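Notes for the one structure printed next.
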Amino acid sequence: MFGIGKNIIEGALNTTGDLAGSVINAGGNIVEKVSSIGGKKIKGKVILMRSNVLDFTQLHSSVLDTFTEILGSGVTFQLISATQASFDSRGKVGKKASLEQWITSIPPLFAGESVFQVNFPWDDNDFGYPGAFYIQNGHTSHFFLKSLTLEDVPGYGRVHFDCNSWVYPSGRYKKDRIFFANNTCLPKDTPDPLRKYREEELLNLRGDGTGERKEWDRIYDYDLYNDISEPGDGRPILGGSQYPYPRRGRTGRRRDWKDSKYETRLPVVSGLNIYVPRDENFGHLKLSDFLGFALKSLASTVFPALVGMVNITRPGGEFDKFQDVHDLYEGGLPVPLDVIRNLTKDFTPPMLQELLRTDNDQRLLKFSPPQVVKEDKFAWQTDEEFAREMVAGVNPLIIRRLEVFPPKSKLDPKIYGDQHSKITEENIKSGLEGLTVDEALNQRKLFILDHHDALMPYLRKINSTKTKAYATRTLLFLKEDGTLKPLVIELSLPHPQGDQFGANSKQYFPAEEGVQKSIWQLAKAYVVVNDAGYHQLISHWLHTHAVQEPFVIATHRQLSVLHPIHKLLVPHYKDTMFINAFARQVLVNSDGLLEQTHFQSKYAMELSSYIYKEWNFLEQALPANLIKRGVAIEDARSTHGLKLLIEDYPFAVDGLEIWSTIKTWVTNYCSLYYKDDSAIQNDVELQSWWKEVREKGHADKKNETWWPKLQNFNELVETCTTIIWISSALHAAVNFGQYPYGGFIPNRPTISRRHMPEVGSVEYKELESKPEKAYLKIINSMLQTLLGVSLIEILSRHASDEVYLGQRASIEWTSDKAAVELFEYFGKEVSEVESRIIERNKDVNLKNRSGPVNVPYTLLLPSSSEGLTGQQEKNKRRRQEKEGQPTFLKYKKERERVTAEIRQARRKIDRCGAAVIFPTTGRFFTARGGVGSFGIVEGVFGGLRRRDLLRCCFGISSASVSGFIPTGSVGL
């Protein structure tokens, strides 16, 4: 309700009533009526949001607190002294103070915020500096506490508490909720009166490892991946066994009666209710709220419905030509209107309704045109674009320099036989531009995209399903213009007589005409199927989501909110735990969306465990990763200390600038608190944190010798930089380009359903006569395409409330002025990096920046707007927020129109009592206690569509935008 604030309240309450110590005047303003209390008082300002404003997933939840409940003694505060101790050496606890006044004179910065006044009894001689406070919520519902600010504390001035936490009724907690002032200090520097409070709060967050976690809990703990399948599904438990895996957040749900090693799964419809510590849940203005609904519906409703719809639309469920796929973006699918109505009538989520929009033209599932086919419908088929996407696409982390010819396998020959490549010099010499193989190797011009060893151990199992895939190797030559040219593709299968007999391999070569051109296009498709599956399962899920969760958990369990490293890292963990938890429900679970849309099928997560065996934290640092892959060498004379061997490598060039900027910020920040190595060694919280990351969070790899010891400054800086890099830039690079490149499935298929046609077969003849139809029969079916494209369109979107690299959600995140100044400098450096990226994209000599498809590499731009990525636009909303303007100002006209309609509606129902309408929830409240539904409000608004109303109130837009480095792991 507070999004329109005083405009809604003014004149709406035409009666005067006692609101627990406050009075509503004739104008609708709340004025203070406080009992006289002697003694000096310290004024405080409290900013909070009520749960019915924030919990947008609870569209049908009951009515929550009214002002009568919020004001008065229902919410109380007690200050805790950081300088004056009680008899038990704990900071003295002050007298209780209650919320007393709703301050309408101060406009809220964001929709939904409300500002209240609180007056604390004060004794100058007996309290000192308030370093913390208790809060008790005496209501039956919860609210979101943003901050408490004390003005003019004697001897100290202004004291700010940056809270940003859900506060549930006090009966839900074993201990009172405590918040600390926004100071920063190492454990040894904690004021003595606060020391026990600091330690106890960490104990509260750790819990005791027992019981089922509830919605209001704040406990962080570890568990195995024993909740992604059920006994008998044929999927193993991951972690703590022969299938190593990072740990996930513990929920404590009961064990399955059929096998107690498995945790019971929630019903799909309850997926959003899976436990994560409450403050890890999606926040205000979160487009991911809709994302969650959409994914849930895709899994449980849309997929079955699409089966029938596809059969109606196209018997056989196949595309016949590429234009059929283009029709998804140009006109959608022709479906009888009654089928559409039946499919969409029960859908509540606005995003899903948008996904299934028809515009009354009897066409369904009309998608936004992916950038890869926006400029040119056929450029994706070129060899140059095929190769360019290895360095500037959605998975630019796999290509490496070829150092030995022919390529060698590292698989154990005792188990897998001879897995070395059968490519010969004769196969590739025509493409080496006059060089021999040895000369090309010595000049560092040969590169390889190698998925062979990662897939071969599981390929026999995978091909026992409906999938028919290969393990692929692709050799490329670096041309003088900086682009890459594919030389040969090798497709390998397990030997039919057994693994010990090695691989059956066949080579395919570039061709420009006839059936050989069609065969070459298919060979490239098999490569991309490998790459797309590896990307989603490993580069994205495993390497930027699953491996990060232990760091999130350990940080909250072992580092106090007062700790400098906690303040440094936590913004980059935003939404990670909830996204991962939800992914376990509908994405990476047995028969989940990933299994349905990618070639690994039922062996996907087991395969990711196999790959995790080789995971090395040190190699996640960008410079180390580039060096390991041989695409860069150390060079002290070069920028960032590295020389790229593919100079026009957009991901690496932009990434190194981002990495260097992050590392400089981390170095400068850490130097404020750690003056020497002994300070790191003697930091008990820091050492406990790092020990827990290794021994509990990544317990299956705790004995690896490569783990940093975290005993010196350089190790601390490198560790923190790597964690931030993974959560921000690396995740951005592999997530937000999914729809621009993969939204057109022929360019980036994720499934292959047949092997390469054999000469003389019916399939081969079809390849000769109808190459497009033959190609489409091998890759994703029509149904798989619809589901896959729907999924990645959702996953590729930016949320409306993302906080980007170089920003903080709160400008008062610390009272340390030196840290604030360093962060402001970091923000300026990030902006300069963004400007340089944009300039590089304009350089026509850098052919890999845009390629034949003319899609500029914007995936590492440090900022973005909400929606799909791809256009070079500055984030206006971000600047407005930094200047303290409401996010919905860009929709001012719509907001004013809705406000006028609200006033008109109020007049219409005035005969039944004064009323207030709350567009944020779709309800209206009358003075007589009546409650209306969203449907009534929609009728009042006279045809205003729900998504337009939401956009007006929340600033949510589907506009395409540029760039994307959120501070934390926002997208899936």
>> Pairs please, first residue from the stretch 476-487 and over 16 Å from residue 430 (Cα atoms), second anywhere and of a type outside the set (S, T, N, Q) and buried (at least 22 other Cβ atoms within 10 Å of the Cβ), Cβ atoms under 6 Å, 6+ apart in sequence or on different chains.
In response: 482/648
> Tally time: how many residues in the stretch 683-709 are buried (at least 21 other Cβ atoms within 10 Å of the Cβ) and in a loop (DSSP other than H, G, I, E, B)?
Replying inline: 2
> Scanning the stretch 86-104 for residues that are among the aliphatic types (A, V, I, L, M) and modelled with pLDDT of 90 or more, which turns out surrounded by the most Cβ atoms within 10 Å (Cβ to Cβ)?
Replying inline: 97
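So that you can scan it fast, the table gives a plain yes or no per residue for (1) outside any loop (DSSP other than H, G, I, E, B); (2) at pLDDT 95 or above; (3) more than 30 Å from residue 597 (Cα to Cα):
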site: 418; (1), (2), (3): no, yes, yes
site: 421; (1), (2), (3): no, yes, no
site: 455; (1), (2), (3): yes, yes, no
site: 473; (1), (2), (3): yes, yes, no
> If we scan the stretch 127-138, do we find a residue that is crowded, with 19+ Cβ neighbours inside 10 Å, farther than 26 Å from residue 670 by Cα, aliphatic (A, V, I, L, M) and touching a residue at least 60 places away in the same chain (Cβ under 8 Å)?
Replying inline: yes
> When the residues of the stretch 319-334 are filtered to those that are in a helix (DSSP H, G or I) and either surrounded by fewer than 19 Cβ atoms within 10 Å (Cβ to Cβ) or of a type in the set (Val, Ile, Thr) (or both), which remaining residue is modelled with the lowest pLDDT?
Replying inline: 330
> Of the residues that make up the stretch 163-180, is at least one surrounded by 15 or more Cβ atoms within 10 Å (Cβ to Cβ), hydrophobic (A, V, I, L, M, F, W, C), in contact with a Ser or Thr (Cβ under 6 Å, 6 or more places away or on another chain) and farther than 23 Å from residue 693 by Cα?
Replying inline: yes
> Which members of the stretch 152-162 meet the condition of being modelled with pLDDT under 90 and either assigned to a strand (DSSP E or B) or surrounded by 18 or more Cβ atoms within 10 Å (Cβ to Cβ) (or both)?
Replying inline: 152
> Failed condition for residue 251, given (1) of a type in the set (S, T, N, Q); (2) surrounded by fewer than 16 Cβ atoms within 10 Å (Cβ to Cβ); (3) touching a residue at least 12 places away in the same chain (Cβ under 8 Å), with all others met?
Replying inline: (2)
> Restricting attention to the stretch 498-534, which residues are free of Cβ contacts under 8 Å to residues at least 40 places away in the same chain and among the acidic types (Asp, Glu)?
Replying inline: 512, 513
>> From the list 81, 73, 61, exactly one residue is at pLDDT below 90, over 38 Å from the mean Cα position of the chain (by Cα) and either in a strand (DSSP E or B) or not hydrophobic (A, V, I, L, M, F, W, C) (or both). Which is it?
In response: 73
> Checking residue 266 against (1) more than 26 Å from the chain's Cα centre (by Cα); (2) at pLDDT below 90; (3) surrounded by 15 or more Cβ atoms within 10 Å (Cβ to Cβ), which test does it fail?
Replying inline: (1)
> Can you name the condition, by its number, that residue 369 falls short on among (1) part of a loop (DSSP other than H, G, I, E, B); (2) more than 23 Å from residue 521 (Cα to Cα); (3) of a type outside the set (S, T, N, Q)?
Replying inline: (2)
>> So if I check each of 395, 442, which one is out of contact with any Pro (no Cβ under 7 Å at 6 or more places or on another chain), at pLDDT 95 or above and crowded, with 16+ Cβ neighbours inside 10 Å?
In response: 395
> Is at least one residue of the stretch 571-578 among the hydroxyl-bearing types (Ser, Thr, Tyr), closer than 30 Å to residue 816 by Cα and surrounded by fewer than 23 Cβ atoms within 10 Å (Cβ to Cβ)?
Replying inline: yes
> residue 260 fails exactly one of the following numbered conditions: (1) more than 30 Å from residue 170 (Cα to Cα); (2) of a type in the set (Gly, Ala, Ser); (3) part of a loop (DSSP other than H, G, I, E, B). What is the number of that condition?
Replying inline: (3)
> Taking the stretch 837-864, which residues are more than 24 Å from residue 479 (Cβ to Cβ), touching a strand residue (DSSP E or B) at 6+ places or on another chain (Cβ under 8 Å) and not hydroxyl-bearing (Ser, Thr, Tyr)?
Replying inline: 862
>> Which numbered condition in (1) in a helix (DSSP H, G or I); (2) modelled with pLDDT of 90 or more; (3) not charged (D, E, K, R) is the only one that residue 351 fails?
In response: (2)
>> Is it the case, given these coordinates, that residue 429 is part of a helix (DSSP H, G or I) and either of a type in the set (Val, Ile, Thr) or under 21 Å from residue 751 (Cα atoms) (or both)?
In response: no
> What number goes with the only condition from (1) crowded, with 24+ Cβ neighbours inside 10 Å; (2) within 25 Å of residue 651 (Cβ to Cβ) that residue 751 does not pass?
Replying inline: (2)
> Which one of 430, 492 is polar (S, T, N, Q), crowded, with 23+ Cβ neighbours inside 10 Å and within 27 Å of residue 757 (Cβ to Cβ)?
Replying inline: 492
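So that you can scan it fast, the table gives a plain yes or no per residue for (1) among the small types (Gly, Ala, Ser); (2) within 11 Å of residue 262 (Cα to Cα); (3) in contact with a helix residue (DSSP H, G or I) (Cβ under 9 Å, 6 or more places away or on another chain); (4) modelled with pLDDT under 95:
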site	(1), (2), (3), (4)
209	yes, no, no, yes
212	no, no, no, yes
216	no, no, yes, yes
220	no, no, yes, no
224	no, yes, no, no
229	yes, yes, yes, yes
239	yes, no, yes, no
244	no, no, yes, no
> Which one of 611, 646 is surrounded by 20 or more Cβ atoms within 10 Å (Cβ to Cβ), modelled with pLDDT of 95 or more and in contact with a helix residue (DSSP H, G or I) (Cβ under 7 Å, 6 or more places away or on another chain)?
Replying inline: 646
> From the residues in the stretch 812-841 that are in contact (Cβ under 8 Å) with a residue 60 or more places away in the chain and of a type in the set (A, V, I, L, M), which one is nearest to residue 652 (Cα to Cα)?
Replying inline: 837
> Would you say residue 752 is of a type in the set (S, T, N, Q) and under 30 Å from residue 555 (Cβ atoms)?
Replying inline: no
> Do we have residue 224 as touching a strand residue (DSSP E or B) at 6+ places or on another chain (Cβ under 7 Å) and among the aliphatic types (A, V, I, L, M) here?
Replying inline: yes
> Which residue out of 752, 727, 781 is in contact with a helix residue (DSSP H, G or I) (Cβ under 6 Å, 6 or more places away or on another chain), of a type outside the set (Lys, Arg), closer than 21 Å to residue 468 by Cα and in contact (Cβ under 8 Å) with a residue 40 or more places away in the chain?
Replying inline: 752
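The values are calculated or read from the model by the stated rules, or taken from the named source; none is laboratory data. Only a predicted model underlies this, so the values are computations on that prediction, with no experimental measurement involved. Backbone-built Cβ (ideal geometry, glycine too); neighbour counts: all protein chains shown.
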